[in-house]
Each structure stands twice: as C-alpha cells, then as structure tokens.
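Here it is: the structure, laid out below.
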Amino acid sequence: MPNIKSAIKRVELTKARALKNAAAKSTLRTTLRRFEESLSTDADTAKVALSKATRALDKASSKGLVHKNMAARKKSRLTRRFAKQFAQVG
C-alpha cells in the first residue's frame, strides 16, 4: 500500500475506474448477447437489437473501452449475420 497521499488517491481512482469499466463491458456483452438471441425471432426485433448493438459498440469505442478496429470488426460481423439470417425473408 502506498504511503504518499497522491499515490493513495491514484489507487482509489484506479479501483473506481476498473469497476466502472467492468460494468460497462458487461453491459456491452449483454447487448451483444441479446442481438444473438434475437436472430431466432422475427426480422423487426433483430433489426432493433442490431441497431442497439451497433450503438453500444460505437459508444464503447469512443470511450476507449474497446479498440475502434475491434468495434468495427464486430459491427461488420453482426451486420453480416443479420443479412444472412434474413436474406430469404426479404
């Protein structure tokens, strides 16, 4: 444990930020999982879930929670899965 006041504060801030980041990542994963589950339902529900997932990835990447290329890659893959699933529906 640090003895210097500024170092003590840094440790506390690091713990608080780690908790906040963990909660945000969990929310992001939940959003992505809900999209995956919505693929088994109708196209309208899946489209709404896709837009929520895309928005969540964009927000996470803008906040520095995930890398921008990772977010772009996931968005591309989710969109492709949606298109493939509902291509025959039209």
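Looking at the chain as a GNM with Cα springs under 10 Å, which of T79, T31, T14 has the largest mean-square fluctuation?
T14
Same structure, new question: Applying the Karplus parametrisation 6.51 cos²θ - 1.76 cosθ + 1.60 with θ = phi - 60° to the phi angles of region 32-38, what ³J(HN,Hα) value in whole Hz is obtained for each residue in order, glycine and proline being reported as x?
Along region 32-38, the couplings run 5, 5, 5, 5, 4, 5, 6 Hz.
Go ahead and set up a Gaussian network model of the chain, Cα springs under 10 Å, then flag whichever of A18, A53, A72 fluctuates most.
A18
Here is a further query. Quick one: length gained pulling D42 to A24 fully straight, 0.36 nm per residue minus the C-alpha distance?
3.7 nm
May I pose another question? Can you work out the Karplus-derived ³J(HN,Hα) for every residue in region 60-68? Use 6.51 cos²θ - 1.76 cosθ + 1.60 with θ = phi - 60°, whole Hz, and x for glycine or proline.
5, 6, 5, 7, x, 6, 10, 6, 5
Further, regarding this structure: Longer than 22 Å from Cα to Cα, which of K25/K52; K20/K47; K47/K75; K15/K68; K9/K59; K20/K68 are they? Say none if no pair is.
Violating the 22 Å Cα-Cα cut-off are K20/K47; K15/K68; K9/K59.
Counting each DSSP H run of 4 or more residues in the chain as -39500 (n - 2.57), what helix-only mean residue ellipticity at 222 nm follows after dividing by all residues, to the nearest 500 deg cm²/dmol?
Calculated from helices alone, the mean residue ellipticity at 222 nm is -28000 deg cm²/dmol.
How high is the relative contact order of the chain, in percent, counting Cα pairs under 8 Å that sit 6 or more residues apart?
Averaging sequence separation for qualifying contacts and normalising by length gives 24 percent for the chain.
Can you give the local net charge around K9? Use residues other than it whose beta-carbon is closer than 14 angstrom to its beta-carbon, Lys and Arg +1, Asp and Glu -1.
For residues surrounding K9, the net value is +3.
Need one number: nm distance between label points at F86 and D58, each 7 Å from Cα along Cα→Cβ, rounded to one decimal.
1.7 nm
FYI, it's all coordinate maths here, none of it is from the lab. Just so it is clear, the model here is predicted, and its values are computed rather than measured. In this analysis, Cβ positions are derived from the backbone assuming ideal geometry, glycine residues included, and neighbour counts consider all displayed protein chains.
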